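Following: one structure in structure tokens, then a few remarks.
The values are calculated or read from the model by the stated rules, or taken from the named source; none is laboratory data. Keep in mind that what you see is a predicted model, and the values were worked out from it rather than measured. Note: ideal-geometry Cβ built from the backbone for every residue, glycine included; neighbour counts use all protein chains shown.
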Amino acid sequence: MVDTTPDVGCSAATCVGDGKSCRKGVCVQDCRPKDSNPCPTGAACDYGDGKCKDKAAACFTTGVFDPCPNPSVPGRACGPGTMCDGKGSCVAALGGCIDQECDDTGRCWGKDCPCDRPAPFCTPAPLTELNRADFVGSLVNGADGEGAFDLDFDDICTAYTATMISGPDYLRQLTPAGVLTEWKSTTNLNMGQVAVLKIPGGEFKDLGDVAASYICCAACGCVETGTDGRLGIIHLDRTSATRPLPNVLPAKSTSGAGPFKNSSIDTGPYGLVWDPNKTLYAGNVDVNGDFQRLDLVTSKTTTVTKLASRITAAAVFDLRRLLVATEDSKVVLLELATGTTTPWATLAGPVTSMRRDRFTGRVYAEINSTVPDIVEISADGATVTSFAKPPRIGRITIAPDGHVYHLSVFPNVGWKAKTAVVRFPLPTKR
């Protein structure tokens, strides 16, 4: 709302009033620019409309301003509804915001951000289909303790699982229409994780780019020679009829004590994740705690960082950083360009899996404490609350339909009881 202050001589000193600022020569009620007057005691700036409000107000939009290094704009920082693209610019990629605006100092915030979660543009297959034995179970020997060990979705709601069964394992794909495709592994090694490339904003409209891992304990007959027959990271090649699951990042045997507390499972590479630039990352590739980057174009592998504890999970935080969880229940924020890590959260148990919600910016993680728990973590890592209680320990992911999906993996997947996959709705409002 514009007041009657003349258009000349406008400054922070002449724009008197809580939350007012000088914008283009006019005093306006807008607390968002850096040089605006502070909000009164007990109120804060709502970056949704620039007004001073109680933080408990509906659809209150707030958050920290995250530095986004840019030599041309020393003050560049990305605020609520935006994230740094890693190249010195802020982009509207959170909260459903469709635009952004910035002040004269280079601070930016989201614009046109909805209060309600946008309607999904796709829906995964129903739970009855996701719990099919040929998707999450084992039709090889019928054992109830065997089947899918990880679950993920692409941006068009196609689901993917990687199995851990006796004999060769499978990478499986299930479309929203219930069409199943599977690729048989080239070896008798367990598949530990599946990861699908997704970019904040959901730009993809095609079947996902998929990677999975082979894991193996040192006493389980691991193969550390050859190519596709050894543990490591495999990358799905949809065009190949003879070698659809090539091993693109061979790994060595590693082992730990969590998060599943089982020596046959807590082993091999964990923390498999894509960054938004279509590059693969995985932890514990050569030794516990290493975190390596694989450029699929050049096949070059680089150690990004070395953490003191075994890595158990990783997730995209924004366009330039990942969250990486370790066996000691800690989560760090990893800068991909520099390998720098900063403490982000300490949880009540080791993390099996985690994902960030694009709408609220909150992070969801499954931890194996005294009982399995799915927790909700604020975007700054400071606040942790229980979100849902899964039926058994497992892994989570977030689908484009606005739900957290949970796959039970230990001590059994329970697919015969049709409870391997369950889901929990995410908050519908910011």
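Tell me which residues, restricted to segment 66-121, are surrounded by 14 or more Cβ atoms within 10 Å (Cβ to Cβ), part of a loop (DSSP other than H, G, I, E, B) and in contact with a Phe, Trp or Tyr (Cβ under 8 Å, 6 or more places away or on another chain).
G79, P80, G81, L94, G95, G96, R117, listed by residue number.
Do you know which residues across segment 280-322 are in a loop (DSSP other than H, G, I, E, B), closer than 19 Å to W344 by Cβ and touching a residue at least 60 places away in the same chain (Cβ under 8 Å)?
Result: D318, L319, R320.
Output the residues belonging to segment 352-362 that are in contact with a Pro (Cβ under 6 Å, 6 or more places away or on another chain) and part of a strand (DSSP E or B).
Matches in segment 352-362: T352 only.
What number of residues within segment 259-282 are crowded, with 21+ Cβ neighbours inside 10 Å and touching a Ser or Thr at 6+ places or on another chain (Cβ under 8 Å)?
The qualifying residues number 10.
Is it the case that segment 411-422 has a residue that's at pLDDT below 95, closer than 21 Å to Y270 by Cα, among the aliphatic types (A, V, I, L, M) and in a loop (DSSP other than H, G, I, E, B)?
Yes, segment 411-422 contains at least one residue that is at pLDDT below 95, closer than 21 Å to Y270 by Cα, among the aliphatic types (A, V, I, L, M) and in a loop (DSSP other than H, G, I, E, B).
Check whether at least one residue in segment 316-337 is modelled with pLDDT under 95 and loosely packed, with under 15 Cβ neighbours inside 10 Å, and report yes or no.
Yes, segment 316-337 contains a residue that is modelled with pLDDT under 95 and loosely packed, with under 15 Cβ neighbours inside 10 Å.
Does at least one position in segment 288-311 carry a residue that is closer than 20 Å to I396 by Cβ and in contact with a Pro (Cβ under 8 Å, 6 or more places away or on another chain)?
no
What number of residues in segment 396-416 are farther than 30 Å from T62 by Cα and touching an Asp or Glu at 6+ places or on another chain (Cβ under 8 Å)?
Counting residues in segment 396-416 that are farther than 30 Å from T62 by Cα and touching an Asp or Glu at 6+ places or on another chain (Cβ under 8 Å) gives 7.
Give the residue, chosen from L322, L280, that is within 19 Å of S353 (Cα to Cα) and over 13 Å from the mean Cα position of the chain (by Cα).
On inspection, the qualifying residue turns out to be L280.
Out of all the residues in segment 389-408, is one or more free of Cβ contacts under 8 Å to residues at least 12 places away in the same chain, in a strand (DSSP E or B) and either surrounded by fewer than 20 Cβ atoms within 10 Å (Cβ to Cβ) or touching a Phe, Trp or Tyr at 6+ places or on another chain (Cβ under 7 Å) (or both)?
No: zero hits.
For (1) modelled with pLDDT under 90; (2) more than 19 Å from the chain's Cα centre (by Cα); (3) closer than 23 Å to K429 by Cα, each residue gets a yes or a no:
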| position | (1), (2), (3) |
| --- | --- |
| T82 | no, no, yes |
| I98 | yes, yes, yes |
| G106 | no, yes, no |
| D116 | no, yes, yes |
| P124 | no, no, yes |
| L127 | no, yes, no |
| L130 | no, yes, no |
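Only one residue in A348, A382, A365 is in contact (Cβ under 8 Å) with a residue 40 or more places away in the chain and either outside any helix (DSSP H, G or I) or among the β-branched types (V, I, T) (or both), so which one is that? Lay out the reasoning, then the answer.
Details: A348 fails: in contact (Cβ under 8 Å) with a residue 40 or more places away in the chain; A382 fails: in contact (Cβ under 8 Å) with a residue 40 or more places away in the chain.
Exactly one residue qualifies, and that residue is A365.
Which number in (1) in a loop (DSSP other than H, G, I, E, B); (2) out of contact with any Leu (no Cβ under 7 Å at 6 or more places or on another chain); (3) modelled with pLDDT of 90 or more marks the one condition that G192 misses?
The failed condition is (1).
Looking at segment 348-378, which of its residues are over 14 Å from the mean Cα position of the chain (by Cα), surrounded by fewer than 21 Cβ atoms within 10 Å (Cβ to Cβ) and modelled with pLDDT of 95 or more?
A348, G349, D373
For segment 40-59, how many residues are buried (at least 17 other Cβ atoms within 10 Å of the Cβ) and either part of a strand (DSSP E or B) or out of contact with any Phe, Trp or Tyr (no Cβ under 6 Å at 6 or more places or on another chain) (or both)?
So the answer is 9.
Looking at (1) at positive phi; (2) among the small types (G, A, S); (3) over 16 Å from the mean Cα position of the chain (by Cα), which one does G381 not meet, given that it meets all the others?
(3)
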